[in-house]
Structure formats: C-alpha cells, structure tokens
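Heads up: the structure comes next, in structure tokens.
What follows draws every value from the coordinates through simple rules; no lab data is involved. These numbers come from a predicted model, not from an experiment. Note that each Cβ is placed from the backbone with ideal geometry, even for glycine, and that neighbours are counted across all protein chains shown.
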Amino acid sequence: MSSAFHHVIIIGPAHPLRGGGITTFNERLARQFQNEGHHTSIYSFSLQYPGFLFPGKSQFTDEPAPKDLDIHTRINSVNPLNWISVGNEIKKLKPDIVIVRYWIPLMGPCLGTILRIIKKNKHTRIICIADNIVPHEKRFGDKPFTRYFIKPVDAFITMSEKVLADLRSFTAKKAVLVPHPLYDNFGEKISKTAARSQLKIKNEELIILFFGFIRKYKGLDILLDAMKLINTKHSAGSFGQMQNPKLLIAGEFYEDRKTYDEQIDKLGIRDKLILHTDFIPDSEVKNYVCAADVVIQPYRNATQSGVTPLAYHFEVPMIVTNVGGLPAMVPDNKVGLVAEPTAASLAEKIQEYFEKGEDHFLPHLLEEKKKFSWTKMLQSILEVANSK
C-alpha cells in the first residue's frame, strides 16, 4: 500500500437500511474517503436481522438513495452460503483496506467468515471500527461469536475508552482510540424559532430532548421519573421563577411501548411530554436538535453515543450520565453537565442547567467541537492499516 490513494471497502449497514447512527457514520466515512481521492464502496446487508430479532417497525427507509455513493446491498447475516459468496467477491477485488463495523456479536459468524475469505488474497488489510465489543444487552454466544470475528482483523479503531478496555479482554492486537467525529450531513444549524415552528412547539417553552431509538439501556424510564421530580419541585415553587420544562421524546420504540405508557400515566406527567415516537428521517433530524434547549442522555450504560456528535454539530449543550464514554466527550460544567444515572441526580442537573443557562455552556462547546473531525478518523484508519 505504498500509493497515495487506496481502494477501500466499508462493510456495514448503509442505505436503504435504517441503521441509525451506524448507517449515517458509514455513509459519511465513505464520502470522506472519496473526497480525499480514495476509490470507495460500501457492502451492506440485504438481510441484517431476521424479522423476529428486529425490534423496530421497519428495517428500511423510504428516503432516496444517496447518488454519490457506491453501495452494494449484498450480505445476508444468516445465510452461510451468502457469506462465502460475498467473501470471494471482495477477495477477488483485492481492496487495499476493508473497514468493517462491529456493534453486536450476532454479526460475528457472518462477518468473521467473510473476513477470513478476504484475507486469503494476501493483500487486504482489515480494520475494524468497534462500536461495541461487549454488547449492551447480553445474549447466549456473545463471547465465542466475538472471538471468531476478531481473529481475522488486523487492527482496531475504538471511539471510547470503555470499548478499548473491553477489546483488551479479547485481544492484544493494535488498537487506536479516535473520538467519534461530528455528524455534519444533516444540514446546517437553523434557529430555535424556525425548528420549533416546524414541530409546532411554542418558543417560550423550555425543551429537553431525548433523541434516538428507545431501548432499555438508554434509561428513558429513569428520565421519566426525573421529570416527575421536576414537576413536583416546580409545583412546590423550588424550581425558581422558571417555567416547568417539557421533555421532547424523538425516536422509535425498540421495545414494548406499553411499559413506558403505563409509567407515564402512573406518574401523571403526560402533559409534560411531547411524543414523536416514530422513526425520525435524516431530513428532519435538525428540526429536533435545533428546537432543544438541552439534549439529554440518561443512559444506564454506554460505550459512546451518536447523539453526542449530533448535539455538537448543532451546538446544543448536553446532560449525560456518568457511564461509559459519555462524560469524556462532554466535559462537566463546560459543554454540559454530568449526572449519575438516577432520577434524583438527573432532576438536579436539569434544574442546574436551566439556572446557569445556555450561554454558560456555548463558548466551551464551540471550542471543544473543533476536536472531532472526519479527517482525523480517516488518517487514523490509514495509519493503522499501514502499520505492521
């Protein structure tokens, strides 16, 4: 790989899959490689999850395909004959670098087999961008599937210390920590007034945003309990002169909604919530983030989060919990506030945030934002690909 430009293949979700942050990341990374002169394509999934394992309403988006990307919808995650076919196809192409995403052990057998076949060409370097090594929700077979996946990989990129530490429990192969770059493909920041007009939210309201797929580990239930505490505080006059904030929940349920509805009704806070719980298409993301006074991530556990780069891009301060890689990207009392993953701590930090005001955090956020670039990610991939 002595030439300046490389043939790069990214293996992971892409259009028309609605893979959330991973799909967005893969497509944005492909553009970065293309912009810097590398021949780049993506090999995505024709079947990512069997229907009974997929928690959302649909695995596919209705949005038009990106015209600037070369996407091959080829991989069937549960068909071993397909793995052999795809592995041989990529092996013959002899790409200089294969970048493979790893986020769930369920993909270990499929991806591990494809990578083993590719390596038989004695040319391709395989770099894994590891979103998770130890999954949020544990299942039978996690460890052997992950070990099987790791063996043919040459080097790793992780985006949090937590994933790097988890990786070290499996392998001593070369691994580099690179911060999650900022998503800049959702359009430019718009005014809070314009965003709220799109969502029919009043300008004078205080809005806390919970954004993304709703899953147990993300702690929405803890946040709902915190909203009850805030409501009680406000009623008792201990929330200062500020009005009672509302929680905007934007994202599709990836588990049973009934549990949350029952909790909301039991707490009596439905009037303090704005529920937009369908899938949020890329074209509408900016409306939600720009409408918020603060973005909140009340996670029980985490590695890194694609919501943090979104908040940075649209310049909205954050409240995050002190788990995984979240506080490393959100310096406390600067870019936002760090809470413990309890209702009492979240309620306290929400009150503190509105007492200090957005202007306290914005200068720090704008400075910190400069650290998270796609150029840095691309350079790191090339460096580990060229190291032996």
key: Total formal charge among the other residues, if their Cβ is under 11 angstrom from that of Ile84, Lys/Arg +1 and Asp/Glu -1   = +1
Label-reachable residues, region 357-388, where backbone N falls under 20 Å from a point 7 Å from Asn35's Cα toward its Cβ = 366-383
task = Please give the length that would be gained between Lys143 and Tyr217 if that part of the chain were fully extended, namely 0.36 nm times their separation in residues minus their C-alpha to C-alpha distance (nm, one decimal).
result = 24.7 nm
remark   = Relative contact order in percent for region 267-388 (Cα pairs under 8 Å, 6+ apart) equals 19
task = Would you mind getting me the FRET efficiency between Lys122 and Asn333? Use the beta-carbon distance for r and R0 = 51 Å, nearest 0.05.
result = 0.45
Simple spin-label estimate for Asn203 and Arg300 in nanometres, 7 Å along Cα-Cβ = 4.2
remark   = Residues whose modelled amide H sits under 5 Å from the amide H of Leu337, counting only those 5 or more places away in sequence or on another chain, are Met318, Ile319, Val320
Amide hydrogen neighbours beyond the local backbone of Thr40, cut-off 5 Å, H modeled = Val8
message = Explain nothing, just the number: relative contact order of the chain, from Cα pairs under 8 Å at least 6 residues apart, as a whole percent.
response = 15
Unit charges on C-beta of K, R, D, E only; dipole of region 192-371, Debye = 60
inquiry  = Semi-axes of the equivalent ellipsoid for region 192-371, please: Cα gyration tensor eigenvalues, times 5, square-rooted, ordered largest first, whole Å.
reply    = 21, 19, 18
message = Only sites in a loop by DSSP and with at most 13 other Cβ atoms within 10 Å count here; which GluC sites (Glu not before Pro) in region 74-174 make the cut?
response = Glu137
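Given charges of +1 on the Cβ of Lys and Arg and -1 on the Cβ of Asp and Glu, with all other atoms neutral, how large is the dipole of the chain about its Cα centre, in debye to the nearest 20?
Charge dipole of the chain: 1600 debye, to the nearest 20.
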